[in-house]
Each structure stands twice: as structure tokens, then as C-alpha cells.
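J.: I am attaching a structure below and will ask some questions about it afterwards.
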Amino acid sequence: MNPFFIRSAVGAATAALSLAAAAQGAGTNAGTLSEVTVTGTGMAPGATARAVPAERLDGDRLLLRSQGTLGETLDGLPGVSATHFGPNVSRPVVRGLEGDRVPIMTNGGASLDVSGLSFDHAVAADPITVERVEVLRGPAALLYGGNAGAGVVNVIDGRIPRAPVEGLTGRADASYATGNREAAGAVMLEGGNARLAVHVDAFVRDGGDARVPPDLACTQGGVTRITRSLCNTASLARGASVGTTTFFDRGYLGASVSSHRQDYGSAAEADVTLGMRSDRVALEGLWRPRGGPLASARLQAAHTDYRHTEFEGGMVGTVFDKRGEDARLELRHRPLGGWSGVFGLQAEQSDFSAVGDEAFAPASRTRMRALFVNEELVTGWGHVSLGARHERVEVESLGNAAVPRFATGSRSFSPSSLALGALWNVAPAWQLTANLSRSERAPRDYELFANGPHLATGAWELGDTALGLERSNNADLALQWNRGHHSARVGVFVQRFSNYLALQPTGVDQTLDSGDVVPEYAYLGVPARLQGIEASGSTRLRSASPTVDLEWKGDLIRAARTDTGEPLPRIAPLRAGATLVVEQGPWGLRLGFNANARQDRVPPGERETAGYTLWNAALTWRSKAGPTELLWYARVSNLTDKAARSAASILTQTVPDRAWLQGRSLRVGVRADF
């Protein structure tokens, strides 16, 4: 095992033992433990969350938005779109940034997969198992990395219980969707007492090819057929986890083991299938001392073993392996001179390898160590938040014995990021928020050392070992209003990069072993600017039963290189949407639309995307069966069966006939809480 992680593991184990010993010595009255609310800010509940542009999905709102991928689930939130590489693979795109520029966290800890490496790699998480999803921006995002300049997505699954559970509680969800004949189900059980809690969950999602409005040709095994579906997009995902927590007088110590499996077809290639597995072991502990300057100490550590295998015609093509560990210690201090906040350290290591036909990047090892702080001052007029992070990142190419074109060597980087945020209570119902930040991101292994054909992008990708830090200056300003059942928020943002690491065409073609010719693209640093506006709100149209509310939203992003004026690729166009929400007793009805304008701001040589409007509807009914609360639901997506392509999808450019979004689909299901 690498000495770096041995030191990290020893430190984590020492901290955990000290935590347990301190908690044991503090007393045995577990009943004095108050409920712990965990948010992506690491701050006291409800504090920083008011000062930053953030979105939170949970409960019914998450259920009625939930799709098969995290990207599709979040798509349509203000400032958030999705990569849309078919129905099985989709990462969130935040303010025009994607991949490793938008970290996906699990309970505040790193999610070690390879979904940021390629568009056809799935995220190792299924929305059906999620309790809450937070999209966090502003100073608190620096708790998770300098690459979180646009924001961070924090997935909270509750697999390590953070509060005592009295008796047995649980949740079950079962549904069926017609669009891809998908059956999905999940169950979660928690039980315990004041001293011990146990969590168990399991899920399965089994679907066929996604139905699309136009007729398409599908060639598999040398046979061509015409069908209204994206052939080779069937998927089978399943997983399970178990977690347990011991509660002490002033804290807890818990652990969990989880496994995720997914087998799915490639939306771009009719004879390519992918098999993904991810196993994760996590540890978490919290200690709250009785006195002194420290309010709480929280330790998180995890080991992830990830493998992704691509099969071509049933034969193994490329195998991607990633194994890594991350450890994180957060210390929250008591108010000092009016300031309260959290500071800490993080260590992360991962080993990556790719063996096979699509090994466009060499085996590599990445190490990261970081110090971070986030502070908040509450005043009579509002509050101020400060964030800072300094990292030491080491990226080493180990080469590939079977592929001599890969260079070996290592690079070290020391990125630092700073952020300042403020909230003014300008009137009883009005708040003005502002955030300024300077972010630095170290290049990833593939940006430095890639040298080979990448089938998902249809190009030969070439890294540059001389790349420097990606730097950006960021600002956003928002005005929000809340009065009873009425609310509105309008914000603007700008992000200026002095060294945006972009994948750009070189004008050179490369010939593959198969004889096919593909264009060469190289990573290089260019100046760029992303700016936009985001708006959302809700208006109560009728207060008497049935109540009627109108929810509305919209956003616009402009992104371009500032040296040439060329637009950046895969940017969502102007979008707007509205939903009418009617509720009477146990019944609920939602009817709305999401409209996307034409995207004609594309780099030279790329395809424009036509505008489209997708209508959606949902009907819910609540009932009880003894102590069990039931929520029956039926929701229709793409009600008019509109044929549409996403401007944010690489498939729209590389394989447009495979880029169609799913057509009309009815999902019916029931959720039981007991």
C-alpha cells in the first residue's frame, strides 16, 4: 500500500480511536444526543444555506423528478443541465461546466468513479436510493475542492445513521415506466434504540431500450431493423448496503458497506455494452466536546474499488480500474468574536488504469492533500461568509507496457482558492446575496497524459504535460423575495478563466488500427468567459381549497473563448419552464412544460440544435394502511411525444441519430413510509 495513504489511514484511525475514547469517557446517557442535521456547507443548520445560490431536492420533490440517472434528475434546475449520453449515462452540468469541474460527493465525501473521464461512463449512484441531493455554490463549495468553481453536487444517502432510531422505520418504492419498459424498486429499513442504529437498503432497476419519437435504423449482429427506440440502451442496475452506528453521550461512530452494479448498452455504438461495479466501505464519526473552543469534530474516511468493463460484440474491449481512499476531518469551532465556522483537512489518493482498445490515457496515480476553512459572521443586517482552500496535488503517469506511445512522468501543483459571500436583509421580505471567488484547479491525469483514440468523443485525444493550473475569477449576485406562499429569485453570474483547459481540434487527422480516420483534439489552456442569468419562483394563485400555485424558472448561459470569440461547446440554450400545482386534500396534480430555445451559438463546424418544448404531468394521492403512509403517483414525461436533442450532449455532434431524448413515458408507482 502506498505510504501516503498509510499515513492518512493511520491518522484517520487515530482520530477515530480518540473520538470513541472521548465519547466513551464523556458519559453513557445516550438520550442527551440531539439530532444532527448534515448539510453540504458543513456549517450550522440554516446558516450559510441562506447566503449561497443552492438547490435542494428531497421528499416528494425528489420523487417526482427522479429519473434513472443523476444528471436527468437534476436537469432543468436553474443553471443545471445534463450530458445526456443516452438514458443510462448522464452527469450534471452546472453553469456550463461539466465532468471533473463539477465534483459529485457522497455524504460530503469523494465519489471515486470514472464518470468524469468519459461521457459514456455512468455515475456510481442511483437516484432511487438517495434521500437528498444538494447543488451547492459559493464559499462553502471550497470545502470540496478548487475544481468546484461552478458548484458541487452532494448526494446524501443516509447509509450511516446520524441520529438514533427508535424501533423500526423504513421506506419502500416500486414503479414501472412505459418509455423503456422499466421496472424499479427499492427498500430501506432502519432500526435501533438510543445506543445503536442499523441501516439496510437494496434496489433494482431493470429497463429495455428507450423509446424515441422518430424511426431509427438499428444494426446489431449484421442485421438491420427499423425501430422507434434507441437500440442497445437497455440497462440492469442493482445494489445494496448495510450501515450501523453506535451513539455515545456526545457523538457517534458509524460505518457502512455498499455495492453498486450496472450493466448497460452504449447509446453511441449498437454492439458495445458496459459493465460497471463499485464497492465502497465508509467510516464516519462525530464528537461534540462539553466545553472549550471546539464545537464538534467530524471524521469521514472511505475506500472505493471501482471497475468498468467495455464489451465489443461480447468480447472484452477495455477495462477501466480505479481504486482509492479519501479521508476528511472537519472541525467546527464555537463562536469567536462573532465568527463561527469549520476548518479541516482532506487527503485523497486514487490509482487508475485502462487496458484495451479505448485506453486513450495511461495508468496513473493521483494524490491530493488539502487544508480548508469556511467562516461566517452574523450581523444585524445579514451575514458574511469566507472560504479558503489550499491543495497539494501530485499526478503521476505510470505508462502502459502494451501501449508505448504513453509518456511517463509526474507533475505537482499547489492550487489555492478563496471566496467571499454576503447576504443583506434589505427589507423584511427582501434579501440580496453576493459571492466573489478565485478558484484554481489542477489538471487531471488525462488532460496531462492522454494520447489515443477516445470512441465516446470520436476523436484522438492528446494531453499536454506542460499544462498549468486552470484559474478563474467568479462572481454572482442575486435578489430574492419571500412572502408567505410567494417567492422569487433572480441572479446573475460571471466566471472568467485565464487558463481554461479546453479540448480543441488541431487540424490533424489520426489513422486508427482499423483504418478509420479520426480528428485529433488536444488539451490546451485558453482564456474563456461564462456568464448567465438564473430565475425561479412560486406564486400562490388560489388560497382556498383546492390551492393553486404557479412555479416558474428560467436560465440563460453564454460561454465563449475571449481570445477568438468562439462559443464553447455543449452549452444549454435559453430555457424557461412553468408548472401549475393543484392540491386538494390527499390529491395533487402537476402540469407544466420545459422549453429550450434553438442553440445556434456553437463552435465552427458543429451542429446547431433546434428548439423544443417538453410537457410533463403528474397525479398523486396519499392514503394510509394502518401506520403506513402511502403515496401513489403517476407521471408522464414528454407528454406530446416531441422529438428533441439536447445541445449539451456530445451525441448531438458525434452521432446525431443516437442523440434523441426519450419520447412519451408514463411512470406509475407507490411509495410507502412506515
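The values are calculated or read from the model by the stated rules, or taken from the named source; none is laboratory data. Remember, it's a predicted structure, so these values are computed and weren't measured experimentally. As a convention, Cβ positions derive from the backbone with ideal geometry for all residues, glycine included, and neighbour counts pool all protein chains shown. Remember, those area values only see protein heavy atoms, side chains included, never the ligands or the DNA or RNA. Shrake-Rupley method; radii C 1.70, N 1.55, O 1.52, S 1.80 Å.
J.: Pop out the ³J(HN,Hα) list for the stretch 378-392 in order, Karplus 6.51 cos²θ - 1.76 cosθ + 1.60 with θ = phi - 60°, rounded to Hz; leave Gly and Pro as x.
T.: 8, 10, x, 9, x, 7, 10, 10, 10, x, 8, 8, 10, 10, 10
J.: Here's something else I'd like to know. Got a sec? What order do Ile160, Ile533 fall in by accessible area at 1.4 Å, biggest, i.e. largest, first? Mind dumping the intermediate values first?
T.: Working: Ile160 15, Ile533 70 Å².
Ranked list, largest accessible area first: Ile533, Ile160.
J.: For the stretch 562-674, what relative contact order do you get, as a whole percent, if you take Cα pairs closer than 8 Å and at least 6 residues apart?
T.: Numbers: 236 pairs, mean separation 25.7, N = 113.
Answer for the stretch 562-674 is 23 percent.
J.: Next up: Pairs of alpha-carbon atoms within less than 8 angstrom and 6+ residues apart define the contacts here; what relative contact order does the chain have, in percent? Can you show the working numbers first?
T.: On the way: 1944 pairs, mean separation 72.1, N = 674.
After rounding, I find 11 percent.
J.: What is the magnitude of the charge dipole of the chain about its Cα centre, with +1 placed on the Cβ of each Lys and Arg, -1 on the Cβ of each Asp and Glu, and no other charges, expressed in debye to the nearest 20?
T.: On the way: 68 positive and 69 negative charges, 423 e Å.
Once rounded to the nearest 20, the dipole reads 2020 debye.
J.: Right, next: What does the helix-only formula give at 222 nm for the chain: each DSSP H stretch with n ≥ 4 adding -39500 (n - 2.57), the total divided by the residues, and the result rounded to the nearest 500 deg cm²/dmol?
T.: -2000 deg cm²/dmol
J.: Can you list, bin by bin at 10 Å, the percent of alpha carbon pairs in the chain, starting at 0?
T.: With a bin width of 10 Å, the distribution comes to 3, 15, 26, 28, 20, 7, 1, 0.
J.: Moving on. Could you tell me the center-to-center distance, by alpha carbons, between the stretch 142-218 and the stretch 554-584 in angstrom?
T.: So the two Cα centres are separated by 28 Å.
J.: With +1 on each Lys and Arg Cβ and -1 on each Asp and Glu Cβ, how big is the dipole of the stretch 281-357 about its Cα centre, in debye rounded to the nearest 20?
T.: Numbers: 9 positive and 11 negative charges, 188 e Å.
Dipole of the stretch 281-357, to the nearest 20 debye: 900 debye.
J.: Accessible area of Leu283, 1.4 Å probe, to the nearest 10 Å²?
T.: 50 Å²
J.: Heavy-atom accessible area of Thr169 with all protein chains present, probe 1.4 Å, nearest 10 Å²?
T.: 50 Å²
J.: In whole percent, and with a 1.4 Å probe on the protein chains, what portion of the accessible area of the chain is carbon and sulfur?
T.: Details: 15280 of 26720 Å².
Of all accessible area on the chain, carbon and sulfur atoms account for 57 percent.
J.: So, one more: Mean separation of Cα pairs under 8 Å and 6+ residues apart, divided by the residue count of the stretch 462-540: what relative contact order is that in percent? Mind showing how you got there, number by number?
T.: Values: 160 pairs, mean separation 28.6, N = 79.
Worked out over the stretch 462-540, it gives 36 percent.
J.: Over the chain, average the accessible area per residue using a 1.4 Å probe and give it in Å², no decimals. Intermediate values should be presented prior to the final figure.
T.: Numbers: 26720 Å² over 674 residues.
On a per-residue basis, 40 Å².
J.: Run down the aspartates and glutamates and flag those whose C-alpha is under 13 Å from the C-alpha of Lys553, throwing out any fewer than 8 positions away in its chain.
T.: Glu55, Asp75, Glu534
J.: While we're here: Quick one: ranking Glu566, Glu461, Glu348 by accessible area, 1.4 Å probe, largest first, what do you get? Don't skip to the answer; put the middle values down first.
T.: Values: Glu566 65, Glu461 5, Glu348 40 Å².
Greatest to least solvent exposure: Glu566, Glu348, Glu461.
J.: Moving to a separate point now. Largest first and in whole Å, give the semi-axes of the stretch 350-439's equivalent ellipsoid, each being the square root of 5 times a Cα gyration tensor eigenvalue. Numbers along the way, then the final one.
T.: Numbers: eigenvalues 420, 41, 15 Å².
In descending order the semi-axes read 46, 14, 9 Å.
J.: Work from the charge dipole of the chain (Cβ charges, +1 for Lys and Arg, -1 for Asp and Glu, about the Cα centre) and give the residue of Trp381, Ser472, Gly611 farthest towards its positive end.
T.: The one lying farthest along the dipole's positive direction is Trp381.
J.: With +1 on each Lys and Arg Cβ and -1 on each Asp and Glu Cβ, how big is the dipole of the stretch 177-323 about its Cα centre, in debye rounded to the nearest 20? Could the numbers behind the result be given before it?
T.: Numbers: 17 positive and 16 negative charges, 137 e Å.
With Lys and Arg at +1 and Asp and Glu at -1, about 660 debye.
J.: Follow-up. Counting only the heavy atoms of the protein chains, how much of Arg471 is accessible to a 1.4 Å probe, in Å² to the nearest 10?
T.: The accessible area comes out at roughly 80 Å².
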